[in-house]
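K.L.:
I have a structure here, written as structure tokens, and I will follow up with some questions on it.
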Amino acid sequence: MEDGAVKVNLVPANAPVLRERVLTFKANARVYDLHRMLRERLKLETLVLIVETCFAPTLDQELGDLAKNFGRNGTLHITYGPQAVFG
Amino acid sequence: MASASAGEGEAEVEVPRVVRASWRGGLPVLVEGVDADFEDAPLPAFSFASRQSFLPFALAEKLAAMRTTSVVPARMQEVWFEAQGVALKWQYPLGALFDVLYPRDAAPLRITIHLRGAGLSSSEAPVVPCPGPDAARKEFFHLFKQGMFLRYNSRLPFTELRENDDDALWESVLAGEVDRYWFVLQRMHEYVPKAAPVRILQLVERGNLRTVASKQIVVPLDSSLTAQELVDDYVLGLDGRTKLRCQGIDVPSDALVVDLYESLAHADMFLYICLYTDEA
């Protein structure tokens, strides 16, 4: 549907801090891709992602859509952790 | 405008007639199971579900019966749903799934239940396993919060919900009780809506894989965008045969998105515009 890139700022919540907190994804990448990448990097069995400390997106949502709807200053802010610490 | 009581001890709420009519909608569902996955399962079976409901709950009774008769190890007993070769995302309201999969009203909605581990799994079309009822309910509220955030451009309205409101909200959605749902939503009325959250659903085919693709868009309330213009802006490769459907109703090409939202939005605060190709 759209091309472009999305900046994602990853904020840990009771989880290890990533070396690079801001990552760039294709706009059509899905939450599923981010979720899988983080689980592999952090070696976590369960992982919860929360957008704007408010809600957990579904795995099939495009990061580009989320950035357009919820991004601030061109960046989508996502909190990650092993359990639902928000919402 | 119809007037109705939300329940015992609750004030009366005014539910617009068209909203009430859309909530009254229901769907016949035919549930089937994969023979290799289930033994002695009481299937196929018919069910009837609200358009506002979600698969894990619309089929809860059937699922409970199947789990007890399955010979598959417990760790494999998480199920997922399929219809017409499409792995279904149960997070979408049943009515929206029906509209995108069965545009010609070919009722009933035929759902095949699979056990996890024996199916598709890729980043293109991740199988969405159905968690237990508690997790599914939690997921609904995340969708609801997302919709509300977009509708009001703030997360504050959600904080207006009182202790028992989430139970009332959830039960009203499952049962298709618009009065209870509307009553809870009244708490947000001091906030001014800013936009109409919309999801466009489309059945797409890539090779042998069929999946329901979605696009999420926010339309400002002062917009005069029609549903057709919105779809033309965001979905590529459409031709003149593509039709739009919301809550089982074919959408006129000049219908404004914000008007459709007021009447036909789903309980998760999103308007689902489902695309289909008119073969006639």
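The values are calculated or read from the model by the stated rules, or taken from the named source; none is laboratory data. Worth saying up front: this structure is predicted, and the values here are computed from it rather than measured. Note that we place each Cβ from the backbone using ideal geometry, even for glycine, and neighbour counts take in every protein chain shown. Each accessible area value is taken on the protein alone, full model and side chains, heavy atoms only, with ligands, DNA and RNA left out. Shrake-Rupley method; radii C 1.70, N 1.55, O 1.52, S 1.80 Å.
K.L.:
Search the range A:41-63 for residues that are at the interface with another protein chain (Cβ under 9 Å from one of its Cβ atoms) and pair each with any residue that is among the hydroxyl-bearing types (Ser, Thr, Tyr) when their beta-carbon atoms are under 7 Å apart and the residues are at least 6 apart or on different chains.
P.N.:
Going by the 7 Å Cβ cut-off, the qualifying pairs are A:Ile50/A:Thr79; A:Thr53/A:Thr79; A:Leu59/A:Tyr32; A:Asp60/A:Tyr32; A:Asp60/B:Ser214.
K.L.:
Based on this model, can you work out whether B:Leu203 counts as outside the structural domain of B:Phe81 (by TED's automatic domain parsing), farther than 28 Å from B:Leu161 by Cα and part of a loop (DSSP other than H, G, I, E, B)?
P.N.:
Judged against the criteria, B:Leu203 is not a match.
K.L.:
From the list B:Val258, B:Val218, pick out the single residue that is hydrophobic (A, V, I, L, M, F, W, C), outside the structural domain of B:Tyr92 (by TED's automatic domain parsing), open to solvent by 10 Å² or more (accessible area, probe 1.4 Å) and assigned to a strand (DSSP E or B). It would help to see each step written out before you state the result.
P.N.:
On the way: B:Val258 fails: assigned to a strand (DSSP E or B).
Going through B:Val258, B:Val218 in turn, the sole match is B:Val218.
K.L.:
Next up: Checking the conditions here, which among B:Glu160, B:Glu177 is more than 30 Å from B:Val235 (Cα to Cα) and modelled with pLDDT of 85 or more? Talk me through it step by step, then tell me what you get.
P.N.:
Values: B:Glu160 fails: modelled with pLDDT of 85 or more.
Unique residue meeting the criteria: B:Glu177.
K.L.:
At least 2 residues that are in contact (Cβ under 8 Å) with a residue 24 or more places away in the chain and either at the interface with another protein chain (Cβ under 10 Å from one of its Cβ atoms) or closer than 25 Å to A:Leu59 by Cβ (or both) in each: list the helices (runs of 4 or more DSSP H) lying fully within the range B:124-195 that qualify. Can you show your working first?
P.N.:
Details: elements: B:133-152, B:165-175, B:178-185.
Qualifying helices (runs of 4 or more DSSP H): B:133-152, B:165-175.
K.L.:
Among the listed residues A:Lys7, A:Lys26, which satisfies the condition of being surrounded by 13 or more Cβ atoms within 10 Å (Cβ to Cβ) and within 10 Å of the chain's Cα centre (by Cα)?
P.N.:
Values: A:Lys26 fails: within 10 Å of the chain's Cα centre (by Cα).
So the residue among A:Lys7, A:Lys26 that is surrounded by 13 or more Cβ atoms within 10 Å (Cβ to Cβ) and within 10 Å of the chain's Cα centre (by Cα) is A:Lys7.
K.L.:
Quick check on this structure: which one of A:Tyr80, A:Tyr32 is among the hydroxyl-bearing types (Ser, Thr, Tyr) and away from chain B (no Cβ under 14 Å)?
P.N.:
Details: A:Tyr32 fails: away from chain B (no Cβ under 14 Å).
Criteria check complete, one pass: A:Tyr80.
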